[in-house]
Every structure is written in C-alpha cells, then in structure tokens.
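Comments concern the structure below.
Any read-out appearing in this document is the output of simple, stated calculations on the displayed coordinates, not a laboratory observation. All figures in this text were calculated on a predicted structure; none of them were measured in a lab. Glycine gets a Cβ as well: all are built from the backbone with ideal geometry, and neighbour counts include every protein chain shown.
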Amino acid sequence: MKTHEVIIQPGRSEKHYWRDLWRNRELMYILSMRDVSVRYKQTALGTAWGLIRPLTTMLIMVFVFSKIAKLPADPGVPYPLMVLGGITVWTFFATSFTQVSNSVTLNSNLVTKVYFPRLIMPISSVAVSFVDFLVSLGLFILLAAWYRFVPDWHLLLLPAFIVLALLASFAFGLFFAAVNVKFRDIAQLIPFIVQVGFYICPIAYSSRLVAEKSNEWWAPLYWLNPMVGIIDGFRWALLGENAYFNPQSLLTSVIITVVCLTLSIYFFLKRENTFVDDI
C-alpha cells in the first residue's frame, strides 16, 4: 500500500509560483471556455455581436468624423478601413483590460474555496476579447476586399502588435484587478477610463493630424499615450506605408508597457495573498 507524505513549507507557493501556474494550465483553459460560453449564452445572435458592434461603431464614426467633421484619412487609405483598423485593436485592448480588471472579483467563489495561482484568473479572462477580436478582424478582411485593398509585407508584423496590445491590457488591468478586490469603486471607474481612452486615441482620426501640430503644448502628452503607438502600428501593419506610423511613438509604447507590466505583476503577486480576506 502506497503512502503519501505531505510536506508543508513556509513560502513554498512563492518559490514555485510559476511552476504551479504551468501545472494549473488546464484550469486556465476551463475558465477561458466558461467565460466564452457565458458571454454568448442565451443570445440569439451569439458571436455575431462581435461583428455587429464594430460595424455599427464604424458606420457612425465615418458619418460623424468624415462626413460632418471632414477629418481626412491618411493619403491613399479609405477612411472606413482606417477607422475599422483602429476600432479592431482598441476594442481588443479595452475588452481585455476590462475583463482582466474584473477577473478576481468575478471569480470570488473560487478564490475563497481553493488555492491556485491567482494569476490564472486574469490570463484566462482574455479569451472572450480574443474571440471578439478574430470576428472583428474578419470584418476588416471583408471590407478590405470590398475596397480591393491588398495588404503587403507589413502584414507579417501584425502578430507583434496584437501581442503588444494584449500585454498593454495586462500592464494596466492587473493593477486594477488587485485594487478592485479591496475597493469596489474601481469597477465604476473602469468604464469611464475606457470611454475617455476611446476619444484620446487615434481611432476616428490619424495621428498625422497631431504630428502636423507638434508645436502645440499638448502634443508631447499625446505621444506618451502607450496606445497611440500600438494603434498606429496595428493600422500600419494592415494598411501598409500609406498609414501614418511614428517609430518613436512605438518605442514609447513598448517602454511604458514593459515597465507597467513588470510593476503590475509584482503588485498583483504581493496582493494576492490578501484576496481571501478582502473578498
């Protein structure tokens, strides 16, 4: 008869945290599939909502900003394609950021019952946003075919900008996820941040317009927005050289994302032991 010896060591979970995270990858998959099924459960249109939302938003923004405000697109780029490219990557970031920020509180029943690396919850929560992103990207492909727009070699760099947008959502979402457990007011603040971010990012307009006003006092602050370089780079990968792209802005985005991600992971890991008490 086999016997098992249980050894309890202080600090063992911290020492083997990343190994435990990998060992619990099946739980990560289960939580991801649960979130996707819950998102579209009892909906008549299902994943079609991932198509309807960006399409409707694009049509409204094209009408308001192109027809009424008369904002120009980048030369040689159809305005609807420019807008939809920005909407696609922004929605991916915003949805991931929101899901990550609320991941711990939404799984509070698991947190209080069993131990597992809490980082699993934010990681698994991005599955929904990735499904919506793929649907929205499919819409972009159809619209590009309508305009007979053929991408070039820049498309090979698209995965890099997708990963960067995902890392940016974790860089800011992990911090809010940890704080949200103790201060539930954060849940009310997150939609406001997403709404403001939608308008200060180059979605309905090109960053070329800002570059032409570099002498304005607010211009340097604009380029400090990490999503500016990511959105411009994403559109540049989809639309080619005609789309405006500032490499220095991308460098700023990478630096801010890496620094914030490192600090957020450190803060999250330090706070996760208190989640049970706060919940």
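Per-residue 3J(HN,Hα) values for the stretch 230-241, derived from phi via the Karplus relation 6.51 cos²θ - 1.76 cosθ + 1.60 with θ = phi - 60°, read 5, 5, 4, x, 4, 5, 4, 5, 7, 9, x, 4 Hz in sequence order (x marks Gly and Pro). Radius of gyration over Kirkwood radius for the chain, both on Cα atoms: the Rg/Rh ratio is 1.03. For the chain, averaging the sequence separation of C-alpha pairs within contact (under 8 Å, six or more residues apart) and dividing by the residue count gives a relative contact order of 25 percent.
Ordering P78, V150, S101 by Cα displacement along the dipole of the chain toward the positive end leaves S101 in first place; charges were set at the Cβ atoms of Lys, Arg (+1) and Asp, Glu (-1). Largest first, the three principal axis extents of the alpha carbons in the stretch 153-279 are 53, 33, 20 Å in whole numbers.
Here K270 is the anchor, and the aspartates and glutamates within straight C-alpha reach of less than 16 Å, apart from those fewer than 8 places off in the same chain, are E14, D278. The ranking of D185, D278, D232 by Cβ neighbour count inside 10 Å, starting from the fewest, reads D185, D278, D232.
Put in line by how crowded their Cβ is, counting other Cβ atoms within 10 Å and starting with the fewest, L250, L157 read L157, L250.
Among L238, L55, L251, the largest mean-square fluctuation in a Gaussian network model of the chain (Cα springs under 10 Å) belongs to L251. In sequence order, the stretch 156-167 has phi-based couplings of 5, 8, 4, x, 5, 6, 5, 4, 5, 5, 5, 5 Hz under the Karplus curve 6.51 cos²θ - 1.76 cosθ + 1.60, θ = phi - 60°, and Gly or Pro positions carry x. Between W49 and K113, the C-beta separation translates, for a Förster distance of 41 Å, into a calculated FRET efficiency of about 0.80. Its alpha carbons give the stretch 93-222 an Rg and a Dmax of 18.2, 57 Å. Take the Cα of N215, step 7 Å toward its Cβ, do the same at I200, and the gap between the two points is 2.5 nm.
Taking every alpha-carbon pair within the stretch 148-228, the share separated by more than 17 Å comes to 64 percent.
The distance from the alpha carbon centre of the stretch 122-176 to that of the stretch 177-248 is 15 Å, rounded to a whole number. Note that the stretch 97-113 has calculated 3J(HN,Hα) couplings of 4, 5, 5, 5, 4, 9, 5, 6, 5, 6, 10, 4, 5, 6, 4, 7, 10 Hz, one per residue in order, obtained from phi through the Karplus relation 6.51 cos²θ - 1.76 cosθ + 1.60 (θ = phi - 60°); glycine and proline are x.
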